[in-house]
Every structure is written in C-alpha cells, then in structure tokens.
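Here is the structure we will look at, set down as structure tokens.
The values are calculated or read from the model by the stated rules, or taken from the named source; none is laboratory data. It should be emphasised that the depicted structure is a prediction, and the values quoted were computed from it without experimental measurement. Backbone-built Cβ (ideal geometry, glycine too); neighbour counts: all protein chains shown. The area values use the complete protein model at the heavy-atom level, side chains included, leaving out ligands, DNA and RNA. Shrake-Rupley method; radii C 1.70, N 1.55, O 1.52, S 1.80 Å.
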Amino acid sequence: MPQDPTERRVVVTGPLRRTRRASGYSRPRTEIDEQTTLGHTYVRSLMRTQLRAALTVFGVLVLLVGPLPLVFAATPDSHRLEWLVLGFCLYAPLVLLALWYVRRAERNERDFVRLVEDR
C-alpha cells in the first residue's frame with residue numbers, strides 16, 4: 001500500500017548554526033583594533049608584564065656584572081683572573097638569563113593571545 005506524499009516526513013540534517021552573542025559583549029580583539037579604553041588597558045597590561053620581565057633581567061645583570069670592576073681593581077695585575085671570570089664564569093649565567101627572558105616574554109605573549117582569542 002503506497003504512502004500518501006503528504007504523510008512522508010523528510011529529515012534534513014546539517015551543521016549546527018551558531019547563535020549570535022549578546023550585543024553588549026565585545027571581543028577583546030575588536031577592542032584593541034578600535035583602540036578603545038578597554039583595548040588600551042589590554043595592551044598596557046601586556047606591556048607592563050614585558051617591562052617587569054625586562055627590569056628583572058636588568059636587575060640581575062647589574063648585580064652580576066656591577067661588582068666586577070671592583071673585583072678587578074682589588075686584584076692587581078691579574079689578567080688571567082679577569083679572562084677567567086669574563087670568559088667562563090660570566091658567560092653561562094648570561095646565556096641562562098637570556099634564555100629565561102626569551103621564554104618569559106614568549107609566555108607573556110602567549111597568555112595575551114589566549115586572553116584575546118578565548119572569549
């Protein structure tokens with residue numbers, strides 16, 4: 001017994017449609033692009049964390065390298081000590097300090113991107 005065409009049901013499936021967000025919400029990326037006060041706050045926060053990392057590295061560098069002229073002045077005619085300190089004792093901490101700074105700066109930028117993109 002054939003079915004009446006008006007009684008048959010056809011199910012159409014497709015990708016889910018996304019609903020619009022509330023109109024009061026603005027994405028942080030838009031805030032930054034439009035240079036609003038909130039966008040300025042986001043960028044200023046990133047710059048502040050990058051500056052904090054740079055000042056930390058600078059402080060450690062001053063504490064590490066600053067006293068060296070006094071040490072060299074206290075030891076008369078000791079050129080071997082100077083080369084030893086500058087070449088071997090100072091090189092490794094400077095490389096480690098630079099690596100720490102680069103990783104910290106990249107992590108700050110990654111956190112900033114995550115803050116801007118996730119919402």
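Total residues in the range 26-40 satisfying the condition of being open to solvent by less than 60 Å² (accessible area, probe 1.4 Å) and of a type outside the set (D, E, K, R): the figure is 6.
Of the helices (runs of 4 or more DSSP H) lying entirely inside the range 44-119, those containing at least 1 residues that are of a type in the set (D, E, K, R) are 79-84, 91-118.
Only one entry in Val71, Val85, Val116, Val60 is touching a helix residue (DSSP H, G or I) at 6+ places or on another chain (Cβ under 9 Å), of a type in the set (Val, Ile, Thr), free of Cβ contacts under 8 Å to residues at least 24 places away in the same chain and surrounded by 14 or more Cβ atoms within 10 Å (Cβ to Cβ), namely Val85.
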